[in-house]
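A quick write-up on the structure given underneath.
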Amino acid sequence: MKYKSGNTPLIKEEYFCKKFGLTNLFIKDESKNPFGTYKDRRSEAIVKKALDEHIDKLALITSGNAGVSLAKFANGSNLKVVCIVDKKLPATIYKKLVAVCYKVIRVDLLSHILKPEEIISLARETDEEVIWDVTNGWHEVYENIIKEIKDSRPNFLITPVGSGEAFVGLFNGIKKYKLDTTLIGVAPKSCPSFADKLHTHWTPYTSKMKSIFWRKHKVVRLSEETIKQTYSLAKKHVKCEPSSAIVFGVLPDLKIKKEDKIIVINSGKGLL
């Protein structure tokens, strides 16, 4: 495969350490993946498996990053990528998807939750096509983030939360490598949100997320005002989008000791 995801850098940013009064704050910078997002990890895995199993088409619901990433990893192969987006998706993101995808279909995602068979039906052009819905179900790839940071043995790992796919994968990785790390997810209170990649009306990870919350792990939800202030601050020091910058907004309110080792995940720099 032409592109390779993962093995992204772990960076100690002194500005953030001073800003939040912490001595061991690190950023796992997923914007360094080939197309600037931790979604590249799932895209690589999807394309590799799809090629092995002779799939014709990959379909997914996306707000931008996952669709562009998947299409670029599939570029040069016979795989066709069909993106299903909300009809109110900003024109700038829609154009970026159109430029790299086989097809982009606009629907009203707010009023109707599409089932996998509906997603496949929207993408289908012939009866003979073998089509995968890859909107969800690839949480295992995020276990590799834990593999890459396990030797650091962080006290806290902080990540953005949308559908919960990455959150579940990270939790499984923490268990797999037997780390005593508290996983903190960060999400917006409002929907829609300025952190536009982090809201979803349905996710297959709901039950799993609830089971995780019985432990010490949790999701913290931030106000729109806090999200905007956090992004305004973070973008001056790291390449990020509002949906990835959100991780910094939770730091002032967590019960963290100055010497605790904290890793925040910058999930990506966004399409714009």
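The values are calculated or read from the model by the stated rules, or taken from the named source; none is laboratory data. Quantities reported herein were computed from a predicted structural model and do not represent experimental measurements. When we count neighbours, we look across all protein chains shown, and the Cβ atoms used for this are built from the backbone with ideal geometry, even at glycine.
So the values come out like this:
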read-out	value
Positions within the stretch 200-222 being over 20 Å from the mean Cα position of the chain (by Cα) and more than 25 Å from Trp138 (Cβ to Cβ), in sequence order	Lys216
Hits in the stretch 33-48 - residues which are without any contact (Cβ under 8 Å) to a residue 40 or more places away in the chain and either among the small types (Gly, Ala, Ser) or in contact with a strand residue (DSSP E or B) (Cβ under 9 Å, 6 or more places away or on another chain) (or both)	Phe35, Asp40, Ser43
Residue selected from the stretch 197-237 under the condition in contact with a Ser or Thr (Cβ under 7 Å, 6 or more places away or on another chain) and among the polar types (S, T, N, Q), by the criterion surrounded by the fewest Cβ atoms within 10 Å (Cβ to Cβ)	Thr203
Residue in the stretch 145-165 that is acidic (Asp, Glu) and surrounded by 15 or more Cβ atoms within 10 Å (Cβ to Cβ) present	yes
Counted residues, the stretch 94-115 - those being in a helix (DSSP H, G or I) and touching a residue at least 40 places away in the same chain (Cβ under 8 Å)	1
One residue from Val141, Val168 being in contact with a Ser or Thr (Cβ under 9 Å, 6 or more places away or on another chain) and either aromatic (Phe, Trp, Tyr) or assigned to a helix (DSSP H, G or I) (or both)	Val141
3 or more residues hydrophobic (A, V, I, L, M, F, W, C) and closer than 28 Å to Tyr94 by Cα: qualifying strands (runs of 3 or more DSSP E) within the stretch 1-70	57-61
Residue match in the stretch 41-48 (condition: farther than 23 Å from Asp196 by Cβ, acidic (Asp, Glu), at pLDDT 95 or above and surrounded by fewer than 24 Cβ atoms within 10 Å (Cβ to Cβ))	yes
Qualifying positions in the stretch 180-196 - surrounded by fewer than 24 Cβ atoms within 10 Å (Cβ to Cβ), in contact with a Ser or Thr (Cβ under 9 Å, 6 or more places away or on another chain) and β-branched (Val, Ile, Thr)	Ile184
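Table: residues versus (1) surrounded by 15 or more Cβ atoms within 10 Å (Cβ to Cβ); (2) of a type in the set (Asp, Glu).
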| position | (1), (2) |
| --- | --- |
| Thr8 | yes, no |
| Lys12 | no, no |
| Phe35 | yes, no |
| Leu58 | yes, no |
| Asn75 | no, no |
| Asn78 | no, no |
| Ala99 | no, no |
| Asp108 | no, yes |
